[in-house]
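The values are calculated or read from the model by the stated rules, or taken from the named source; none is laboratory data. Being a predicted model, the structure only gives us computed values, none of them experimental. Because the Cβ atoms are built from the backbone with ideal geometry, glycine has one as well, and the counts that use them run over all protein chains shown.
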């Protein structure tokens, strides 16, 4: 088997900071993987403890391939909870509030749909075809579609030191 690799922004599933976003300063694209660092910024350090913190316009994930894919993230901390969400500015195929849909456009002024397995996605039912009512589908991207990703954190963040790996998954719609 031969696998070709590309920089994150040039891959079939492009991952990059959002151009023009003030929050792109948290995103480092200089290495062989995307890194997010919010430990120290001008005028402050870290996140507020015991508060809900939302960092919008953090990442743009674009389907540069030839088939529809479901995309989602795994590996984020659950205690305290740090999760990724899909924003209303995203262009996805399954926006909505019903079975098999991602709630990306439910609240355009606030948080959007689920994007990580700890933000209302079931990794065993990524297209939400079982329709248990407790979850939503991962964003479905057609070729050229994108999902704008926000991060949010809540709970006792005083000891949070996450240096782990977050995996962005893409599975063809036909394979789900």
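Looking at region 71-80, can you tell me whether even one residue there is within 16 Å of residue 169 (Cβ to Cβ), modelled with pLDDT of 85 or more and over 15 Å from the mean Cα position of the chain (by Cα)?
no
What are the residue pairs meeting all of these: first residue in region 61-88, first residue in contact (Cβ under 8 Å) with a residue 24 or more places away in the chain and on the phi > 0 side of the Ramachandran plot, second residue crowded, with 24+ Cβ neighbours inside 10 Å and not in a loop (DSSP other than H, G, I, E, B), Cβ atoms under 9 Å, and 6 or more apart or on different chains?
Close Cβ pairs (under 9 Å, with a partner that is crowded, with 24+ Cβ neighbours inside 10 Å and not in a loop (DSSP other than H, G, I, E, B)) amount to 75/116.
Residue-wise test of (1) over 23 Å from residue 35 (Cα atoms); (2) surrounded by fewer than 20 Cβ atoms within 10 Å (Cβ to Cβ).
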| position | (1), (2) |
| --- | --- |
| 54 | no, yes |
| 60 | no, no |
| 67 | yes, yes |
| 71 | no, no |
| 77 | no, yes |
| 80 | no, yes |
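Please determine whether any residue of region 135-145 is modelled with pLDDT under 90, surrounded by fewer than 23 Cβ atoms within 10 Å (Cβ to Cβ) and farther than 20 Å from residue 39 by Cβ.
yes
Matching residues to (1) over 18 Å from the mean Cα position of the chain (by Cα); (2) in a strand (DSSP E or B); (3) within 27 Å of residue 67 (Cα to Cα):
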| residue | (1), (2), (3) |
| --- | --- |
| 135 | no, no, yes |
| 143 | no, no, yes |
| 150 | no, yes, yes |
| 160 | yes, no, no |
| 171 | no, yes, yes |
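Looking only at region 34-54, filter to residues that are within 28 Å of residue 146 (Cβ to Cβ) and either at pLDDT below 70 or not in a loop (DSSP other than H, G, I, E, B) (or both); which one of those is farthest from the chain's Cα centre (by Cα)?
If we take residues in region 34-54 being within 28 Å of residue 146 (Cβ to Cβ) and either at pLDDT below 70 or not in a loop (DSSP other than H, G, I, E, B) (or both), then 41 is farthest from the chain's Cα centre (by Cα).
Consider residue 57 against the criteria (1) touching a residue at least 60 places away in the same chain (Cβ under 8 Å); (2) assigned to a loop (DSSP other than H, G, I, E, B); (3) within 27 Å of residue 126 (Cβ to Cβ): it satisfies all of them except one. Which criterion is unmet?
Condition (2) is where residue 57 drops out.
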